[in-house]
Amino acid sequence: MRFAAIADIHGNHLALEAVLADVRAQGIEQIVNLGDSFSGPLEAGLTADLLMPLNALTVRGNHDRALIDRPFEAMGDWEKPSYPQLSAAHLDWIRGLPEAARIGDEVFLCHATPQDDNTYWTETLSADGIFHLKPLAEIEALAEGIDTPLILCGHSHIPRAVQLSDGRLIVNPGSVGCPGFDYDVPVYHKAQAGTPFASYAILEKTVRGWQPSFRQVRYDNHAMAELARRHGMMDWVSALSSGWIA
Ligand SMILES: [Fe+2]
């Protein structure tokens, strides 16, 4: 069994196109998507048109939920530019997404954690907003009751693999379309991939267990940074241009 995991596309259709081409070049046909596919100042509609025909097993992220659970006026900065680009069919597709999914006895998928869609599973914040690896016991507490050897999550936008003490492996493939962001809850912090590339992971079941391989794909990130600039979202401009929040 060998497949690709993508996450946090955030409306970046050029990054998604580049990732899909790279996935095909690796001879991989099965793709799973860990959510947050559309929100941001980019191309939500074009992204939906690319994504929906893939029929990839997809879970719903917090930003996908924010497109369907509140009126437009109550939406945040990331939803307001993307919502008007989505058709009724796109929104229906989002409404039909599950919060979590499984592939047989092998793989569990969720956007952030099994309990909720808006908690970093493997990262935590220090009081001064430094984003770092969470203590193992806290990561394991969130994995209670998940019995698959491979667990996939997104949300933090940081590619990472964490092995639990019983051998279960949590893999975050990183973000296809948004390599960094800043956020002020609960304290101001930055998540930064450190590269502007489109990130995803290939997962392969081997005789020794699940093998993750992280892929970083170059694409025309400056074109997408320009689009963010037109929306006046300078944190996006910085992240898309460099992978860092200036
Ligand atoms: Fe998220």
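All of the numbers you see were taken from the coordinates with simple rules; none came from a lab. Just so it is clear, the model here is predicted, and its values are computed rather than measured. As a convention, Cβ positions derive from the backbone with ideal geometry for all residues, glycine included, and neighbour counts pool all protein chains shown.
Hey, any hits in the range 98-112 for a residue that's surrounded by 14 or more Cβ atoms within 10 Å (Cβ to Cβ), more than 14 Å from the ligand (Cβ to nearest atom) and not in a strand (DSSP E or B)? No, the range 98-112 contains no residue that is surrounded by 14 or more Cβ atoms within 10 Å (Cβ to Cβ), more than 14 Å from the ligand (Cβ to nearest atom) and not in a strand (DSSP E or B). Those strands (runs of 3 or more DSSP E) of the range 127-246 in which 2 or more residues are more than 24 Å from K80 (Cβ to Cβ) and not polar (S, T, N, Q) occupy 131-133, 150-152, 160-163, 169-172, 198-206, 209-217.
What's the number of the only condition in (1) within 16 Å of the ligand (Cβ to nearest atom); (2) closer than 27 Å to R230 by Cβ; (3) among the polar types (S, T, N, Q) that Q85 fails to meet? So the condition that Q85 fails would be (1). Going by what's in this entry, would P173 be described as within 16 Å of the ligand (Cβ to nearest atom) and within 25 Å of P41 (Cα to Cα)? Yes, satisfied.
Residues that are under 11 Å from the mean Cα position of the chain (by Cα) and surrounded by fewer than 20 Cβ atoms within 10 Å (Cβ to Cβ) within the range 3-41 are absent altogether. Candidates in the range 15-41 are the residues that are more than 15 Å from the ligand (Cβ to nearest atom) and touching a Gly at 6+ places or on another chain (Cβ under 8 Å); of these, the one that is farthest from R215 (Cα to Cα) is P41. The C-beta contact set for the range 46-69 (first residue in contact (Cβ under 8 Å) with a residue 12 or more places away in the chain, second residue within 12 Å of the ligand (Cβ to nearest atom) and not in a loop (DSSP other than H, G, I, E, B), distance under 6 angstrom, 6+ apart or interchain) comprises V59/C110.
Selection within the range 113-138: residues that are acidic (D, E) and crowded, with 17+ Cβ neighbours inside 10 Å. The member of this set that is nearest to H63 (Cα to Cα) is D117. Every listed requirement among (1) of a type outside the set (G, A, S); (2) surrounded by 15 or more Cβ atoms within 10 Å (Cβ to Cβ); (3) more than 25 Å from A44 (Cα to Cα) is met by E204 save one, (2).
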